[in-house]
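J.: My questions will all concern the structure given below.
Any read-out appearing in this document is the output of simple, stated calculations on the displayed coordinates, not a laboratory observation. Model, not experiment: these values are computed from the prediction. Heads up, the Cβs are rebuilt from the backbone with ideal geometry, glycines too, and the neighbour counts pull from every protein chain shown.
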Amino acid sequence: MPQLTLFNTLSRNKEAFVPLTPGQVKMYTCGPTVYNYAHIGNLRSYIFPDLLKKLLLQLGYSVQHIINFTDVGHLTSDEDLGDDKVEKAAARLGKSAWEISRFYAEAFQQDLQALNIAFPTRFTYATEYIPQQIALLEQLEAKGLSYTLPDGVYYDTASFADYGQLARLDIEGLNEGARVSAEGKQHKTDFALWKFSPADQQRQMEWESPWGKGFPGWHLECTAMIFAELGQTIDIHTGGTDHIPVHHTNEIAQAEGATGQKFVNYWLHGEFLVLDQERRMGKSEGNFITLQTLLDQGFSARAYRYLALTAHYRHFLTFSEEALKSAQTAYFKLKRLIQKLDASAHQGAEAAEAAYEQMLAALCDDLNAPKALGQIWELVQNKDIGGQPKISVLQRIDQVLSLALFDSADLPENNAAEIPPVVQDLARQRWEAKQARDFARADQLREALAEAGYAVKDAKAGYELVALDSSM
RNA sequence: GGCGACGUAGCCAAGUGGUAAGGCCGGGCUCUGCAAAAGCCUUAUUCGCCGGUUCGAUUCCGGCCGUCGCCUCCA
């Protein structure tokens, strides 16, 4: 078994992975705030933890994994103090905040399924851990790490010696005023642990607390849920790079401030998906593409997973329709090649095993999926290795990559069910003309089919219809 | 202003101090009535620019140019 090495944001270095308890891994993945659909950039950040988890399983570890839902919104901006995204979405759609968060949480889970992302051991909902969050806040208060202002209870970051170490923050240089400004905040990095409900309005989501009616600060929930589900120290915590300077920095301050123990041994952060020319994709930017949009365009969700795996998780991935198209073409071609493997050819088993070890080694080197994919292509096209050893290796590596390499259901040729009868009729006529060697008529009918949006592909014993739009 | 990342063929993208993975697209050929599919072959003397270290740098160091991210909820 190769040694698993992971790039740890704490040290900014690749480190050999050693779990707290031999053979067991506790990992936590920062989940979405459920006030809208996830976009494909968000989803990228759930693919690499999935890859990591499956690699750990393949290496023989047992894995306890939590993904949370932030189902209580937080501040939208400085101008909207007291308002939050979930409640805002609720107002816009005429639903309750609870309905909104449940709806988008379910939509998110459907996206995960479409992308072959395994569900975690548990999904946790922030609103189901309010007592734990209050208890954590009490702990912090007892240690003198918090102070109360008219609008909420704040964390006193100056009293936590290592504050900002994860992000290597230069606190003095932080953009003055860019952070949420609150009257009376003692230090610009101080953040809300509990916000009071505005006196003049009734929030849908608010709870009683020793400090007054209100709702928890954003950072508190993750820490409280980790403590409740996984313990005070965990192995791995994953999220997007944008969480390093604020969210994860604050989580560490809360957790280690409260317990005095190391919170997380390995912090892993995924880099953004970016749009060519157009900067990052963001929920707030309004320029986001959902998985459903891609499906509507005729793309396979797994082709997007394939695309995500062609880039290293710690690097930007430039997304464009062209890139996705080429990924889907490659992905379908790879599956067709695999379908045609001759399982009765057994030669080259040793070389195949060596290739498998190399793939595993690539993945163990900080999840180098692009390299492993390259090795898959080389294996599949290697003429000295028979179909059987190839299949054996591909099945095992696909348990980690989850590309459904042996499932041909999403290939265009297997999706002919919804072709209109008229078109099918034309195709049949063409086939008959062709059998009668009336090629002029056959070509005419081919053109007619093209106009109807379908291409005909002949095989020896019959033909297939492929919709031109979805044959990308 | 502070912190940080990136710049490899038309596109996506690995990579190493010793002479550039893989995929897509393109081109050529085979096969096919045509077409598609499939198969075979081919596609960067070069890794943003300029210096330095070195026998040797795309890979290390310095400078410059360019692009981008975070510092406010965002993956």
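J.: In percent, what relative contact order does chain A have, based on Cα pairs under 8 Å that are 6 or more apart in sequence?
T.: The value is 16 percent.
J.: May I pose another question? Suppose every Lys and Arg Cβ carries +1 and every Asp and Glu Cβ carries -1, with no other charges. What dipole size does segment A:297-401 come out with about its Cα centre, to the nearest 20 debye?
T.: It comes to approximately 440 debye.
J.: Here's another thing I want to ask about it. With an 8 Å cut-off on Cα pairs and a minimum separation of 6 or more residues, tell me the relative contact order of segment A:297-401 in percent.
T.: 33 percent
J.: Another question, then. Taking segment A:345-434 on its own, what percent of its Cα-Cα pair distances exceed 24 Å?
T.: Result: 41 percent of Cα pairs exceed 24 Å.
J.: For A:Lys213, go through the aspartates and glutamates and keep the ones whose alpha-carbon is under 19 Å away, minus same-chain ones fewer than eight residues off.
T.: Output for A:Lys213: A:Asp71, A:Asp80, A:Asp83, A:Asp84, A:Glu87, A:Glu128, A:Glu138, A:Glu141, A:Asp151, A:Asp200, A:Glu221.
J.: Rounded to whole Å, give me the distance from the Cα center of segment A:91-134 to that of segment A:1-73.
T.: Centre-to-centre (Cα) distance: 18 Å.
J.: Any number yet on Rg/Rh for segment A:209-292, C-alpha, Kirkwood?
T.: Expressed as Rg/Rh, it is 1.07.
J.: Only counting other Cβ atoms within 10 Å, I'd like A:Leu59, A:Leu51 sorted with the fewest neighbours first.
T.: A:Leu59, A:Leu51
J.: OK, next. Return the percentage of antiparallel bridges among DSSP beta bridges fully within chain A, rounded to the nearest 5 %.
T.: Given both bridge residues lie in chain A, the antiparallel proportion sits at roughly 50 percent.
J.: Can you bin every Cα-Cα distance in segment A:122-238 into 5 Å intervals starting at zero and give me the percent of pairs per bin, rounded to whole numbers?
T.: Final binned percentages: 2, 10, 19, 21, 21, 15, 9, 3, 0.
J.: Sort all Cα-Cα distances of segment A:297-401 into consecutive 10 angstrom bins from zero, then give the percent of pairs in each bin up to the one containing the longest distance.
T.: For segment A:297-401, the binned pair fractions read 15, 45, 31, 9, 0 percent.
J.: What is the distance in Å between the Cα centroid of segment A:296-325 and that of segment A:185-211?
T.: 40 Å
J.: What's the magnitude of the charge dipole for segment A:5-274 around its Cα centre, counting Lys and Arg as +1 and Asp and Glu as -1 at the beta-carbon? Answer in Debye, nearest 20.
T.: 840 debye
J.: Along the charge dipole of chain A, which of A:Gln429, A:Pro198, A:Leu10 sits closest to the positive end, that is, farthest toward it, with unit charges on the beta carbon of Lys, Arg, Asp and Glu (+1, +1, -1, -1)?
T.: A:Gln429
J.: Still on this structure, I have one more. Taking the Cβ of A:Leu373 as the centre, find all other residues whose Cβ is under 12 Å away and add up their charges (Lys, Arg: +1; Asp, Glu: -1).
T.: Result for the neighbourhood of A:Leu373: 0.
J.: To continue, here is another question. Only counting other Cβ atoms within 10 Å, I'd like A:Asp410, A:Asp384 sorted with the fewest neighbours first.
T.: Lowest count first: A:Asp384, A:Asp410.
J.: Additional query: Treat segment A:5-274 as a sphere of radius equal to its Kirkwood radius over Cα pairs and apply Stokes-Einstein at 10 °C in a medium of 1.306 mPa s; give the translational diffusion coefficient in µm²/s, rounded to a whole number.
T.: 83 µm²/s
J.: Quick check: convex hull of the Cα atoms in segment A:412-471, volume per residue, rounded to a whole Å³?
T.: On the way: hull volume 4.3 nm³, N = 60.
In segment A:412-471, the Cα convex hull volume per residue is 72 Å³.
J.: What residue among A:Asn265, A:Ala404, A:Asn414 has its Cα farthest toward the positive end of the dipole of chain A, where the charges are +1 on Lys, Arg and -1 on Asp, Glu, each on the Cβ?
T.: Sorting the options by dipole projection puts first A:Asn414.
J.: Let me ask something else. With a cut-off of 8 Å between alpha carbons and a minimum separation of six or more residues, what is the relative contact order of segment A:412-471 in percent?
T.: So the answer I get is 34 percent.
J.: What 222 nm value per residue comes from the helices of chain A, counting each DSSP H run with n ≥ 4 as -39,500 (n - 2.57) and dividing by all residues, nearest 500 deg cm²/dmol?
T.: -12500 deg cm²/dmol
J.: Structure shown: which of A:Lys26/A:Lys335; A:Lys143/A:Lys185; A:Lys14/A:Lys325; A:Lys340/A:Lys457; A:Lys333/A:Lys383; A:Lys26/A:Lys262 lie over 22 Å apart, alpha-carbon to alpha-carbon?
T.: From the list (A:Lys26/A:Lys335; A:Lys143/A:Lys185; A:Lys14/A:Lys325; A:Lys340/A:Lys457; A:Lys333/A:Lys383; A:Lys26/A:Lys262), the Cα-Cα distance tops 22 Å for A:Lys26/A:Lys335; A:Lys14/A:Lys325.
J.: While we're here: Mean 1/r over all different Cα pairs, inverted: what Kirkwood radius does segment A:232-336 give, in Å?
T.: One decimal place: 16.1 Å for the Kirkwood radius.
J.: So how strong a dipole does chain A carry about its Cα centre when Lys and Arg Cβ are +1 and Asp and Glu Cβ are -1, to the nearest 20 debye? Don't skip to the end; give the middle numbers.
T.: Values: 44 positive and 61 negative charges, 276 e Å.
Rounded to the nearest 20 debye, it is 1320 debye.
J.: Please report Rg over Rh for chain A, where both radii come from the alpha carbon positions and Rh follows the Kirkwood definition.
T.: 1.06
J.: Using Cα positions and a limit of under 18 Å, work out the lysines in reach of A:Lys95, with same-chain residues fewer than 8 apart set aside.
T.: Once the sequence-local lysines are set aside, what remains near A:Lys95 is A:Lys85.
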